[in-house]
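Written out below as structure tokens is the structure these notes cover.
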Amino acid sequence: MEVSNALKRKRYDDDNHMEAEVDLSLLEAVEKSQNTVELLDLRTLKKLVLSFERRLKENIEARLKYPDQPERFADSEVELHEELEKLKILAGAPELYPELVNLNAIPSILNLLSHDNTDIAIDVVHLLEDLTDEDVLEDNDEPARILVDSLIENNVLELLVQNLQRLSDKDPDEMSAIYNTLASIENMIEVKPTVAELVCERTKLLRWLLGKIKVREFDSNKQYASEILAILLQNSTANQKRLGQMNGVDVVLQAVAMYKSKDPKTSDEEEMLENLFDCLCCLLMPLENKERFVKAEGVELMIIIMKQKKSAYASAIRALDFSMTKYPPACERFVDVLGLKTAFAAFMGKASISLFIPISKKNKKERYQEELEERLVSLIASLFGGILRGSRRERLLSKFVENECEKIDRLMELYIRYSDRVTAETQRLEQLELDDLEMDEEEKYNRKLESGLYTLQVVDILRIGRQWSIAVGGEQRSVRGKGGALAEKKEEKKRVSNSLMEEEEKKRRKKQKHMVYWDAEEETKEE
């Protein structure tokens, strides 16, 4: 830190000196430098790289010659800092990135990430973030790929994470460098998705991220850490399993538990909470992590969050749905800890969502309600799929016959509503075809999913299976007697079903024309 302080003092002295001697010649020099930026070409790039290499060499020599006298090499580090600042103009010409790689400047730049002076390392972090910025790389796919490949080959991931571990949130400059380090990693993943697994294999980034989200105090870097963790997990089974082995399920549960009885104070904190639940849901994809979730009493925590009716309400339902999908032990635990009462109260819509809807979704109340219904229907379907017999099964079935079978009414209400929506969307898509607007089968299917097809399919599975009709004793007669009261709804249902059957017939006629898309759609439906 003595070297760092010396460099900062030097900057301060230089700034005062410059302010004292501002004149026309200085303004002319600035103007010329701006013109240079506008005329950035290969020749200018070579000059920049050559000047940088010269200053780097001088700094290395000065440090070797005067290792215990920081004031003797402070000037060279100020000059090195200035050269790194100049290199930032390359972000304005990403087409020159291949030439930057060919000039072999990347290894020299990256080696400075381990420089004894953290200020120099921070300069490199800011430079990398500028060079890999998403807006800069837009429409420059090939130069971006060449740059990122070179960075990876020269151990940028290892060097960035090593430097990350020596930075502190207590220093504003270092806090900014932490943010830019995470941004650089995200930018490289955007260009080359395989970086998501590479950075977890080669570095201790996952462990650093876990340590960051465990901190109780909220700040922008904790929010960004949760976002990066979600990105690393979302499409990588290897990363999901790796984090599970690092006690990641328990750590994420501890992080979300901070909000079991309170709401986030700001929209940024709310976004962080959503990121944490995204991480939890990704973690619950591998079977072994579902087991860890149950052992860590994750089911109980999610039920507590639902009962508190805070902004994490819908996210807790989503996590429960992920945990119980194709995993009977989670379903059994859910019934054992009296989760049915809480789940079916939500299914009936007895709680006003305005009490717990997140700040960011206040203007999307209808869409939020639909997502909630979709998750609850999926959760109930998972319960039926995971609990096949015994007293737990009877307790689940009995929920559909209590209070004059109100839950069957609710199920039919959802079925009719979503059937109408899907039918309307189907008709709209057919009209587009008549208007000669091309749309392949896959895109049509995605449009129907957006209109509620998935929820309709899950509700239909529950309806057709008549899960409630095998209830025991007098309760079965109560369900059968409900048929008369539902006669009118059944007529409506029949009309919609016929419409859906006609749609399927049209699809079969188009099977030969859309064979590739048809096969993909059928596989998705079977799943």
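Pairs are defined by a Cβ separation below 7 Å, a sequence spacing of at least 6 or placement on different chains, a first member in region 55-67 that is free of Cβ contacts under 8 Å to residues at least 60 places away in the same chain, and a second member that is open to solvent by 50 Å² or more (accessible area, probe 1.4 Å) and polar (S, T, N, Q); no pair meets this definition. Just one of the listed residues (76, 114, 4) is surrounded by 12 or more Cβ atoms within 10 Å (Cβ to Cβ), hydroxyl-bearing (Ser, Thr, Tyr), out of contact with any Phe, Trp or Tyr (no Cβ under 8 Å at 6 or more places or on another chain) and at pLDDT below 85, namely 4. Screening residue 83 against (1) under 18 Å from residue 133 (Cβ atoms); (2) among the acidic types (Asp, Glu); (3) open to solvent by less than 30 Å² (accessible area, probe 1.4 Å) leaves a single unmet condition, (1). Scanning region 318-340 for residues that are within 21 Å of residue 374 (Cβ to Cβ), in a helix (DSSP H, G or I) and open to solvent by 40 Å² or more (accessible area, probe 1.4 Å) yields a total of 2.
Residue pairs whose Cβ atoms lie under 6 Å apart, sitting 6 or more positions apart in sequence or on different chains, and linking a residue in region 336-356 that is farther than 17 Å from residue 414 by Cα and of a type outside the set (A, V, I, L, M) to a partner that is modelled with pLDDT under 90 and open to solvent by less than 50 Å² (accessible area, probe 1.4 Å), are 356/311. Note on region 56-71: residues that are touching a Lys or Arg at 6+ places or on another chain (Cβ under 9 Å), part of a helix (DSSP H, G or I) and more than 16 Å from residue 119 (Cβ to Cβ) amount to 1. Applying the condition of being in contact with a Phe, Trp or Tyr (Cβ under 8 Å, 6 or more places away or on another chain) and part of a helix (DSSP H, G or I) to region 148-177 and asking which residue is surrounded by the fewest Cβ atoms within 10 Å (Cβ to Cβ) yields 161.
Looking at region 86-97, which of its residues are open to solvent by 30 Å² or more (accessible area, probe 1.4 Å) and in contact (Cβ under 8 Å) with a residue 40 or more places away in the chain? Within region 86-97, 88, 89, 92, 95 qualify.
Of all residues in region 252-276, none that is on the phi > 0 side of the Ramachandran plot has its Cβ atom under 6 Å from the Cβ atom of a residue that is open to solvent by less than 10 Å² (accessible area, probe 1.4 Å) and at pLDDT below 95, 6 or more apart or on another chain. Being crowded, with 16+ Cβ neighbours inside 10 Å, within 27 Å of residue 210 (Cα to Cα) and not polar (S, T, N, Q) is a condition met by at least one residue of region 103-111.
Evaluating residue 399 against the criteria (1) open to solvent by less than 10 Å² (accessible area, probe 1.4 Å); (2) under 36 Å from the mean Cα position of the chain (by Cα); (3) over 15 Å from residue 461 (Cα atoms) leaves one unmet condition, (1). Criterion first (touching a Lys or Arg at 6+ places or on another chain (Cβ under 6 Å), outside any loop (DSSP other than H, G, I, E, B) and open to solvent by less than 10 Å² (accessible area, probe 1.4 Å)) does residue 256 satisfy it? Considered against the rule, which asks whether it is touching a Lys or Arg at 6+ places or on another chain (Cβ under 6 Å), outside any loop (DSSP other than H, G, I, E, B) and open to solvent by less than 10 Å² (accessible area, probe 1.4 Å), residue 256 comes out as no.
The values are calculated or read from the model by the stated rules, or taken from the named source; none is laboratory data. All figures in this text were calculated on a predicted structure; none of them were measured in a lab. Using ideal geometry, Cβ is built from the backbone for each residue, glycine included, and neighbour counts are taken over all protein chains shown. Side chains included, ligands, DNA and RNA excluded: accessible areas come from the protein's heavy atoms. Shrake-Rupley method; radii C 1.70, N 1.55, O 1.52, S 1.80 Å.
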